[in-house]
Amino acid sequence: MTKQEIEEIYHLPLITLLHRASEVHRKHHNPEELQISTLVSIKTGGCPEDCAYCPQAARYHTKVNAADMLTVEEVKQAAIQAKESGSSRVCMGAAWRNVRNNKDFDRVLEMVKTVNRMDMEVCCTLGMITENQAKRLAAAGLYAYNHNLDTSEEYYGEIISTRGYEDRLKTIDNARNAGITICSGGIIGMGETAEDRIGMLYTLSLLNPKPESVPINALVPVEGTPLAEQKRVSSWEMIRMIATTRIVLPKTQVRLSAGRTEMSDEAQALCFLAGANSIFSGDKLLTTPNPERSADQALMDILGLKPKKPFASAPQPVEVDLDPKDLPEEKQIKWSRPNLVR
Ligand code: SAM
Ligand code: DTB
Ligand code: SF4
């Protein structure tokens, strides 16, 4: 799709946009299935970056304090709970600019192995990663890497100055080349224009292969951050953004991410109708509130939505050229994806 075609879709009358998106959604997905992910903040706060939206950036005076990294056992317990409550994916987030080859990374690799052995999809969002780090994560059983474009290339500089758009794309490329599936999306409500939203979707659509999942976040304005005074984005804008994402990326899992606490059940239902087929579950995202699991379950019951099983949309086989030193415990790894050749 050209950028202009995406623009035309984005600006369709909402009633028509919703219908078209719903049709595309039903053609490519089971509309009664919802993928549920659980976020675990394995390293909270104290981040050196200047992302204007982020409560974890050390330079802003927010109520989030830097905490020690979680232990492998703590992550295992969180994953057990997540599985029991119907999650198919555990997403581990760290407030890092980038991964460094040190003991902390070794611990992340252990966490990845531990969750992978529990037959759940493991996702990490750790900031920038090199090709070699991506391979080591893949070897440990990482299923997905989350690295958001956040916004358009043009608006990016207004939000983050400590790293560039190219850096983001490079990390996505590194993860992809290691055979890891890609989760990349963005945030609306940061003062960007419709053109910026369209531009971001256009860039996502140019990724080859296209991202397997795209989180659409509504900005959660946090006291102390430069975007603290931003007005909350309306549910209608979320619905429009999700519907456009669904049409632009028909096969992708579209995740209705941050911002659900401000949305009514009816607005969330319209997002699911518009093509969102994934959520983060649990009463906390990384540092900000999220609806209670019981409230989500009640809504799923009303709508007739069932949790999606892990690995239901496993990636196509890929050949990855792994250096033996990337695979210190190769034989111990239990692959949960039988069709994935490494
Ligand atoms: N440090 C890593 C990075 O930036 O890639 C991983 C963690 S970072 C918190 C993951 C994503 O959370 C960001 O890219 C951003 O899209 C989202 N995020 C952070 N703060 C947010 C906020 N206040 N509202 C909405 N989304 C937010
Ligand atoms: C994503 O796109 N949204 C999640 C996940 N990827 C890592 C994070 C949302 C964070 C919202 C702010 C917070 O809780 O700190
Ligand atoms: Fe750090 Fe990530 Fe927050 Fe940016 S979004 S300040 S990189 S934790």
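So here's what we get for this one:
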| item | result |
| --- | --- |
| Only one of 50, 104 that is open to solvent by 40 Å² or more (accessible area, probe 1.4 Å) and within 16 Å of ligand 3 (Cβ to nearest atom) | 104 |
| Total residues in segment 152-176, condition touching an Asp or Glu at 6+ places or on another chain (Cβ under 7 Å), outside any helix (DSSP H, G or I) and away from ligand 3 (no atom under 12 Å from the Cβ) | 1 |
| Among (1) out of contact with any Leu (no Cβ under 8 Å at 6 or more places or on another chain); (2) open to solvent by 40 Å² or more (accessible area, probe 1.4 Å); (3) away from ligand 3 (no atom under 16 Å from the Cβ) - the single one residue 135 does not satisfy | (1) |
| Scope segment 174-187; condition more than 19 Å from residue 199 (Cα to Cα) and of a type outside the set (S, T, N, Q); matching residues | 175, 176, 178, 179, 180 |
| Top-ranked residue in segment 48-101 [being assigned to a helix (DSSP H, G or I) and of a type in the set (Asp, Glu); ranked as nearest to residue 165 (Cα to Cα)] | 74 |
| Residues satisfying the stated conditions in segment 204-227, i.e. over 27 Å from residue 177 (Cβ atoms), of a type outside the set (D, E, K, R) and within 13 Å of ligand 2 (Cβ to nearest atom) | 218, 219, 220, 221, 222, 224, 225, 227 |
| Breaking point among (1) open to solvent by less than 30 Å² (accessible area, probe 1.4 Å); (2) more than 12 Å from ligand 1 (Cβ to nearest atom); (3) free of Cβ contacts under 8 Å to residues at least 60 places away in the same chain; (4) not acidic (Asp, Glu), for residue 36 | (3) |
| Given (1) at pLDDT 95 or above; (2) touching a strand residue (DSSP E or B) at 6+ places or on another chain (Cβ under 9 Å), index of the condition residue 132 fails | (2) |
| Criterion: out of contact with any Phe, Trp or Tyr (no Cβ under 7 Å at 6 or more places or on another chain) and assigned to a strand (DSSP E or B) - qualifying residue of 187, 216, 182 | 216 |
| Extreme residue, farthest from ligand 2 (Cβ to nearest atom), among residues of segment 173-192 that are among the hydrophobic types (A, V, I, L, M, F, W, C) and open to solvent by less than 10 Å² (accessible area, probe 1.4 Å) | 178 |
| Hits in segment 228-281 (condition: assigned to a loop (DSSP other than H, G, I, E, B), open to solvent by less than 20 Å² (accessible area, probe 1.4 Å), among the polar types (S, T, N, Q) and within 14 Å of ligand 2 (Cβ to nearest atom)) | 252, 257 |
| Qualifying position, being under 23 Å from residue 292 (Cβ atoms) and in contact with a helix residue (DSSP H, G or I) (Cβ under 9 Å, 6 or more places away or on another chain), among 89, 107 | 89 |
| Odd one out for residue 1, checked against (1) of a type in the set (A, V, I, L, M); (2) within 29 Å of residue 292 (Cβ to Cβ); (3) part of a loop (DSSP other than H, G, I, E, B) | (2) |
| Cβ-Cβ under 6 Å pairs, at least 6 apart or on other chains, segment 132-160 side over 24 Å from residue 187 (Cβ atoms), far side of a type in the set (A, V, I, L, M, F, W, C) and surrounded by fewer than 24 Cβ atoms within 10 Å (Cβ to Cβ) | 133/99; 135/322; 139/327; 140/109; 141/333 |
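The values are calculated or read from the model by the stated rules, or taken from the named source; none is laboratory data. Just so it is clear, the structure is predicted and the values come from calculations on it, not from any experiment. As a convention, Cβ positions derive from the backbone with ideal geometry for all residues, glycine included, and neighbour counts pool all protein chains shown. Ligands, DNA and RNA are stripped out before the accessible areas are found, and what is left, the full protein with its side chains, is counted by its heavy atoms. Shrake-Rupley method; radii C 1.70, N 1.55, O 1.52, S 1.80 Å.
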